[in-house]
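Okay, structure first, notes after.
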Amino acid sequence: MLAEFTYGEPAYLKDQRNAFRRMFTTKLAWMPISILLLVIPCIFLFYAISSGRIVLVLLAIAVMILLNFHYIRIFSPLIDRHIRRDAKELLPYFPDGRFKVYLDQARKQVVLAGSIYCMSFAFPEIKAVRKIPGGAACYLNQNLVFTFPFAGDVSEIQSILNK
C-alpha cells in the first residue's frame, strides 16, 4: 500500500490545481499538437496585424483563445470549477472521501480503493508521476490526473511503473 488518506474538498482542490499546473513542467503538456495549437494562431495573428484589419485581429485573438482554452483555464480560477465538476462525478464512488492507494506489481496496476468501490489503472495508462506540494500526482491518458498525499520519493514509484 502506498498511502491511506481522507480527502476533503479544499485539500482535493488544492492538490488537483497544483497537479494540473505541474503538468506544464513535464513533457505531457508539450506534445506536437500543443505546440501547433499555439503556433498556428500566432501566425494567423501576425498576418492579421500586418494586414491592418481590426476584424481579422479580433478573429485571430478569438481563435487563439478557443484553441488554447484548456491551457488558459488551468492557470485561471476556472480550473476550480472544472475540478469540482469532476469531483461530483467521483463522489458516489468514494462517499466518505477515504481512499487507499495500492501498487499491485503482480497485475501491473495502481488501485484506488474506497469504502464502497475501487478504481484501477494499468501501468501503461500512467504517463508520469510527479511530486506536488504535500503529495504526488499521477498523470493518465486524456489529461486525467489523480493525486494523493505521499511523503516518499516519487521516482521510486515511477521506476516501478516503467518496469
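Over 27 Å apart at the Cα level, from the set LYS14/LYS163; LYS88/LYS163; LYS108/LYS131, are LYS14/LYS163; LYS88/LYS163.
For the range 50-58, 3J(HN,Hα) computed residue by residue from phi via the Karplus equation (6.51, -1.76, 1.60; θ = phi - 60°) reads 5, 6, x, 9, 5, 4, 5, 5, 5 Hz, glycine and proline entered as x.
Looking at the range 1-87, the accessible area is 65 square angstrom per residue; that uses a 1.4 Å probe and ignores ligands, DNA and RNA. The modelled label-to-label distance between LEU56 and LEU144, using points 7 Å beyond Cα along the C-beta direction, is 4.4 nm.
Between rounded, prolate and oblate, where does the range 85-156 land on the alpha carbon gyration tensor, with a ≥ b ≥ c its root eigenvalues, rounded for a/c under 1.5, else prolate if a/b exceeds b/c? It comes out rounded by the Cα gyration axes. Leaving out ligands, DNA and RNA, and with a 1.4 Å probe, what % of the accessible surface on the chain is carbon or sulfur? On the chain, the fraction of accessible area on carbon and sulfur atoms equals 65 percent. Amide H contacts of LYS127 (H built 1.01 Å from N, in plane; Pro and chain starts excluded): TYR139, LEU140, ASN141 sit under 5 Å, all sequence-distant by 5 or more or on other chains. Coupling constants for the range 10-26 follow from the phi torsions by the Karplus curve (6.51 cos²θ - 1.76 cosθ + 1.60, θ = phi - 60°), and in residue order they are x, 5, 4, 4, 5, 5, 5, 4, 4, 5, 5, 6, 5, 4, 6, 8, 9 Hz; glycine and proline get x. Taken along its three principal axes, the alpha carbon spread of the chain comes to 61, 34, 24 Å, from the longest extent down to the shortest. Judged by the gyration tensor of its Cα atoms, with axes a ≥ b ≥ c, the range 1-84 is prolate; a/c meets the 1.5 cut and a/b is the larger of a/b and b/c.
Counting only DSSP H runs of at least 4 residues, each contributing -39500 (n - 2.57), and dividing by the residue count of the chain, the helix-based mean residue ellipticity at 222 nm comes to -14500 deg cm²/dmol. Placing pseudo-labels 7 Å out from each Cα toward the beta carbon at PHE75 and TRP30 gives an inter-label distance of 1.4 nm. Taking Cα centre as origin and charging only the Cβ of basic (Lys, Arg, +1) and acidic (Asp, Glu, -1) residues, the dipole magnitude of the range 28-163 rounds to 100 debye.
Converting phi to 3J(HN,Hα) with the Karplus coefficients 6.51, -1.76 and 1.60 and the offset θ = phi - 60°, the range 64-77 yields 4, 5, 5, 6, 10, 4, 4, 6, 5, 4, 4, 9, 10, x Hz in sequence order, with x at every glycine or proline.
Between the range 44-105 and the range 118-159, the alpha-carbon centres lie 20 Å apart. Between the helical axis of 78-90 and the longest alpha-carbon principal axis of the chain there is an angle of about 40 degrees. Distance between the 7 Å Cα→Cβ label points at ASN68 and MET119: 3.0 nm.
The values are calculated or read from the model by the stated rules, or taken from the named source; none is laboratory data. Note that the structure is predicted; figures quoted are calculated from it, not measured. Positions of Cβ are generated from backbone atoms using ideal geometry, with glycine treated the same way; all protein chains shown enter the neighbour counts. The protein model used for the area step is the full one, side chains on, heavy atoms only, and it has no ligands, DNA or RNA in it. Shrake-Rupley method; radii C 1.70, N 1.55, O 1.52, S 1.80 Å.
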